Amino acid sequence: MGRQVGRPLTAQTLAHSIGARCLGDGTVQITGVASLDIAAVGDLTFFSDTKHRAAATNSAASVLIVREVDADIASCTRLIHPAPHAAFAAALDLLFPIAPLRAEVSPLAQVASSASVDGARIEAFACIGERTTVGSGSVIGAQVFIGDDVIVGENCRIYPGVRVLARARLGDRCILHSGAVIGSDGFGFQPTGRGWRKVAQVGTVIVGNDVEIGANTTIDRGAIEDTVIGNGVKIDNLVQIAHNVRVGDNTAIAGCVGIAGSATVGARCMLGGASMVVGHLSICDDVIVSGGTLIATSITQPGQYTGVFPTTTHREWIKIAAKLRRSIKANPAPG
Amino acid sequence: MGRQVGRPLTAQTLAHSIGARCLGDGTVQITGVASLDIAAVGDLTFFSDTKHRAAATNSAASVLIVREVDADIASCTRLIHPAPHAAFAAALDLLFPIAPLRAEVSPLAQVASSASVDGARIEAFACIGERTTVGSGSVIGAQVFIGDDVIVGENCRIYPGVRVLARARLGDRCILHSGAVIGSDGFGFQPTGRGWRKVAQVGTVIVGNDVEIGANTTIDRGAIEDTVIGNGVKIDNLVQIAHNVRVGDNTAIAGCVGIAGSATVGARCMLGGASMVVGHLSICDDVIVSGGTLIATSITQPGQYTGVFPTTTHREWIKIAAKLRRSIKANPAPG
Amino acid sequence: MGRQVGRPLTAQTLAHSIGARCLGDGTVQITGVASLDIAAVGDLTFFSDTKHRAAATNSAASVLIVREVDADIASCTRLIHPAPHAAFAAALDLLFPIAPLRAEVSPLAQVASSASVDGARIEAFACIGERTTVGSGSVIGAQVFIGDDVIVGENCRIYPGVRVLARARLGDRCILHSGAVIGSDGFGFQPTGRGWRKVAQVGTVIVGNDVEIGANTTIDRGAIEDTVIGNGVKIDNLVQIAHNVRVGDNTAIAGCVGIAGSATVGARCMLGGASMVVGHLSICDDVIVSGGTLIATSITQPGQYTGVFPTTTHREWIKIAAKLRRSIKANPAPG
């Protein structure tokens, strides 16, 4: 439950790679990483939040990334960097390198004869549909389904059990986590005298470059036009994105969010966990929606928006809720 | 991101098929569909919402479906129909026909020798369990798991990666989207002095005819009796339906909804996105639950029910929430 | 939709096995189970809730489990037990025994040569990664993916379509339902001038003994340290557990719950359906969170906590919501 063991590097080598200055013994070997409070000999860690000052001073880590102003906080080898957390993230990429791709098609995969998968890796029990293209450097994990007429860009990583249905398009460097479904039918029905009539969903899903899509997240194909996910969008697990939604570049969407049909979310927005966006709305760029908040009207001004009932003990909640209900009866508003 | 290309038809042929009257050049070829504002030459589109009047007049579409009263709104070929949206939906089925089924069992599927799959299509890496029946005309997609003693009706479409576990029954013409799980164990435990004891879940799931179930939706098997989904029910993505729930005919359930154990939902209800129904409740027929609303008591009168905190700027929300909390302390209600 | 047929037993044999006393004809055969109100000849059922007294008296069940005090409620064979529901649960295990494991590796599975799967059952189209260990008595269902360097304990049951990614560890007797994803990357990004930069997620997921994880639930791997699920934890369907979360022993988490990154939930807690826990919080032992409630501050006292807007007719809700919004404007609070 503690430290993670990576590829060994010396402090000096790492400092050079991440653009830090090394104070102390540069020959010390870094063999793993851990948080400040549990790091041990061989570990790299970082310090930037002043509330962890004591932990930094007492840390048993071999190497600590710190700001210049904190250079004296510990006596181990220190790597001086203006942004310790970012430098630590860069170090992770060096200590835990992704294994180089072996481009090969598993004999246990089913690849349509009209598909193009040159330079890609296709793992066991994956299916690649007719006329589909998988770009060079991409990994199609085990048990992934890629339908007909799909385009997967270059250097994508599609984890086991993802489904990308017919005609969807993914840009380059996308990461799709296990169980994500891209291109399921939108929820489109018309009422009739005898129940609901399905409306064919003939659009598809267009995903930009550098998009990450979380585990078991679902993105429906468009009804007529396409559902569009912009470049650099990051989507967490168990998110539902309905048909015709458009999400602007570099927006981040936390877990359990739902965006209903035909809603538009701007660029650089942040949707907190379990927030919901009602259909056909428009949210402008640079909006932050707090977790658990339901957005029921369009938003035209950047800023943070919130709407959750304050949580309290169940006993107090009963009183507040009763009072709210009574108030409307005592003072009926017009309408 | 725009128009979708379908099977070409002439305006006159389409008019005849959908029961519309053709005004203007009936020989024009329809080669695709698009929304009113982006439709181009060759496209079919429709007009019914008066706020899009200007878009209709200016549309470059080749063929427009309109009501009689709007026949003069554009000069392209028009198809006159009393319900343009419904007529457009019918046209989609003609322009984007589903490929005829090739009944065959992939040599890469695993079909139990005691299963019956005559007239069905079973794709690669699918599993069909012992004594299971798949009806004629049904498609079992790649990587689908159908357990033992399951009945799948006729003309169903089970998308890649669906799991239907032991003894579940699906009616005819059901559509299950990727990642849906039917028949997982209900959440049934009894407290003991040393933690929770699992209660065997011995019921199953019974799904009616013409049911659509969204991507990554889960429907648990019953504890003793069965979980029952009525005819014509439409369920969106990432919906959780717990053990022993009963959903009445033609009810529509939007994305991210949860229905807790042993709740009963009537016929022709509409549950908005991310609404929740508490366990053991009963909701009568013809109830509309607004998105994000938690239903915590039974509902016996048709109508619309709502309970979401109004959303505002985060700054205002802090004030409202504080005031709510204070109010209870200033004016303690009895109890 | 009614009774479930199990392995036949006599009333006397069952009474002996579950520690009950048999009143009446002990030779009667039990062939199935059903609820009190629909039970028929051959069925076992139970009575413990006094509001079902009439149903018990009128039940056509062959055998009824009741408390001593209710021994006279019916004339059929009765099994006297101080906890009828618990005794019924024990009876279910006898009437519906799990088929004995046949330890074998399907020729259609892909098992790495460095994996150890002695005494386990590996079904079709499953993948077992390099250096992975699957304990004796465990079942790896069809289409399951187990990555490299994973440890699965003994007597686990992994249902079809589960994904357990690299380096995760599962204890003994765990049950994972279809579509669950264990070890997907946490949602870790750093802002840069040109969008988000992914932070490598180098931790993993450690799951204790006797844990049950629901269908399509997702548990992310830790960023640096591990995500930890304690012994005896029960997690329902469509739950999202983010990176670095720790859940204490014997906590129960209902469907559609989200727990954000680095939150800690104590032991013996119960999180109601669709409740949400904000990141970096700590919830102490023995806390009950009501369904639909968002926990936005740490909780240090055991008890029940609630925060959901009271639901009413849509017409009344509009008035309450408007009044709430107005109140803040009429009486501006400081801040």
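The values are calculated or read from the model by the stated rules, or taken from the named source; none is laboratory data. From a predicted model like this one, the values you see are computed outputs, not experimental measurements. Neighbour counts are summed over all protein chains in view; Cβ atoms, including those assigned to glycine, are modelled from backbone coordinates with ideal geometry. In case anyone asks, the SASA skips ligands and DNA or RNA and just uses the protein heavy atoms, side chains included. Shrake-Rupley method; radii C 1.70, N 1.55, O 1.52, S 1.80 Å.
There is no residue in the stretch C:165-176 that is within 11 Å of chain A (Cβ to nearest Cβ), of a type in the set (Gly, Ala, Ser) and under 18 Å from the mean Cα position of the chain (by Cα). Counting residues in the stretch B:263-273 that are modelled with pLDDT of 95 or more, within 14 Å of chain A (Cβ to nearest Cβ), open to solvent by 20 Å² or more (accessible area, probe 1.4 Å) and more than 19 Å from B:Gly230 (Cα to Cα) gives one or more. Restricting the stretch B:1-14 to residues that are assigned to a loop (DSSP other than H, G, I, E, B) and not charged (D, E, K, R) leaves a set whose member that is least open to solvent (accessible area, probe 1.4 Å) is B:Gly2. Against the conditions (1) more than 8 Å from chain A (Cβ to nearest Cβ); (2) modelled with pLDDT of 95 or more, B:Ala330 satisfies every one except (2). How many of the residues making up the stretch C:239-254 are part of a loop (DSSP other than H, G, I, E, B) and either more than 10 Å from chain B (Cβ to nearest Cβ) or open to solvent by less than 10 Å² (accessible area, probe 1.4 Å) (or both)? Count: 7. For the stretch C:84-105, filtering for residues that are assigned to a loop (DSSP other than H, G, I, E, B) and in contact (Cβ under 8 Å) with a residue 24 or more places away in the chain leaves 4.
Here the stretch A:57-83 is the region considered, the condition is being in contact (Cβ under 8 Å) with a residue 24 or more places away in the chain and of a type in the set (Ser, Thr, Tyr), and the residue that is most open to solvent (accessible area, probe 1.4 Å) is A:Ser75. Does the stretch B:274-285 contain at least one residue that is facing chain A (nearest Cβ under 9 Å) and over 29 Å from B:Asn155 (Cβ atoms)? Looking for residues that are facing chain A (nearest Cβ under 9 Å) and over 29 Å from B:Asn155 (Cβ atoms), one finds at least one in the stretch B:274-285, hence yes. Just wondering, is there one or more residues in the stretch C:157-171 that are touching a Gly at 6+ places or on another chain (Cβ under 9 Å), under 19 Å from B:Gly195 (Cβ atoms) and in the same structural domain as C:Cys284 (by TED's automatic domain parsing)? The answer is yes, given that some residue of the stretch C:157-171 is touching a Gly at 6+ places or on another chain (Cβ under 9 Å), under 19 Å from B:Gly195 (Cβ atoms) and in the same structural domain as C:Cys284 (by TED's automatic domain parsing). Figure legend. Inter-residue proximity from the stretch A:118-135: first residues polar (S, T, N, Q), second residues assigned to a strand (DSSP E or B), beta-carbon distance below 8 Å, spacing 6+ or different chains. Indicated pairs: A:Thr132/A:Ser116; A:Thr132/A:Ile146; A:Thr132/A:Ile151; A:Thr132/A:Val152; A:Thr133/A:Ser116; A:Thr133/A:Ile151; A:Thr133/A:Val152. Counting only residues that are small (Gly, Ala, Ser) and surrounded by fewer than 22 Cβ atoms within 10 Å (Cβ to Cβ), which one in the stretch A:296-320 is farthest from the other protein chains (Cβ to nearest Cβ)? The selected residue is A:Ser298.
Of all residues in the stretch A:218-229, those that are under 22 Å from A:Cys256 (Cα atoms) and open to solvent by less than 10 Å² (accessible area, probe 1.4 Å) have Cβ atoms under 7 Å from Cβ atoms of residues that are hydroxyl-bearing (Ser, Thr, Tyr) and assigned to a loop (DSSP other than H, G, I, E, B), 6 or more apart or on another chain, in A:Gly222/A:Thr204.
How about the stretch B:84-120: which of its residues are of a type outside the set (S, T, N, Q), over 30 Å from B:Thr31 (Cα atoms) and open to solvent by 10 Å² or more (accessible area, probe 1.4 Å)? Selection gives B:Glu104, B:Val105, B:Pro107, B:Leu108, B:Ala109, B:Val111, B:Ala112, B:Ala115, B:Val117, B:Asp118, B:Gly119.
Restricted to the stretch A:15-54, and to residues there that are in a helix (DSSP H, G or I), away from chain C (no Cβ under 14 Å) and not basic (Lys, Arg), the residue that is farthest from A:Ala89 (Cα to Cα) is A:Ala54.
Only one of the numbered conditions (1) modelled with pLDDT of 95 or more; (2) away from chain B (no Cβ under 13 Å); (3) buried (at least 18 other Cβ atoms within 10 Å of the Cβ); (4) closer than 28 Å to C:Val164 by Cβ is violated by A:Ile151, and that is (4). Looking across the stretch C:172-185, the residues that are in contact with a Gly (Cβ under 9 Å, 6 or more places away or on another chain) and part of a strand (DSSP E or B) come down to C:Leu176, C:Val181, C:Gly183, C:Ser184. If the condition is being within 13 Å of chain A (Cβ to nearest Cβ) and either among the small types (Gly, Ala, Ser) or touching a residue at least 40 places away in the same chain (Cβ under 8 Å) (or both), then the stretch B:183-217 contributes B:Gly208, B:Asn209, B:Val211, B:Gly214, B:Ala215, B:Thr217. The residues listed here are A:Val287, A:Val257; of these, the one that is surrounded by fewer than 24 Cβ atoms within 10 Å (Cβ to Cβ), under 27 Å from C:Asp185 (Cβ atoms), without any contact (Cβ under 8 Å) to a residue 24 or more places away in the chain and among the aliphatic types (A, V, I, L, M) is A:Val287.
On the given criteria, is C:His52 open to solvent by 60 Å² or more (accessible area, probe 1.4 Å) and touching a residue at least 12 places away in the same chain (Cβ under 8 Å)? Yes, satisfied.
Restricting attention to the stretch C:187-201, the residues that are in contact with a helix residue (DSSP H, G or I) (Cβ under 6 Å, 6 or more places away or on another chain) and buried (at least 21 other Cβ atoms within 10 Å of the Cβ) add up to 2. Looking only at residues in the stretch A:162-201 that are at pLDDT 95 or above and β-branched (Val, Ile, Thr), the one that is farthest from B:Phe96 (Cα to Cα) is A:Ile175. Answer yes or no as to whether B:Arg246 is assigned by TED's automatic domain parsing to the domain that holds B:Gly179, among the basic types (Lys, Arg) and in contact with a strand residue (DSSP E or B) (Cβ under 8 Å, 6 or more places away or on another chain). Yes. The sole residue among B:Pro82, B:Pro97 that is at pLDDT 95 or above and within 14 Å of chain A (Cβ to nearest Cβ) is B:Pro82.
The residues of the stretch B:274-284 that are open to solvent by less than 10 Å² (accessible area, probe 1.4 Å) and closer than 18 Å to B:Gly230 by Cα, listed by number, are B:Val277, B:Ile283.
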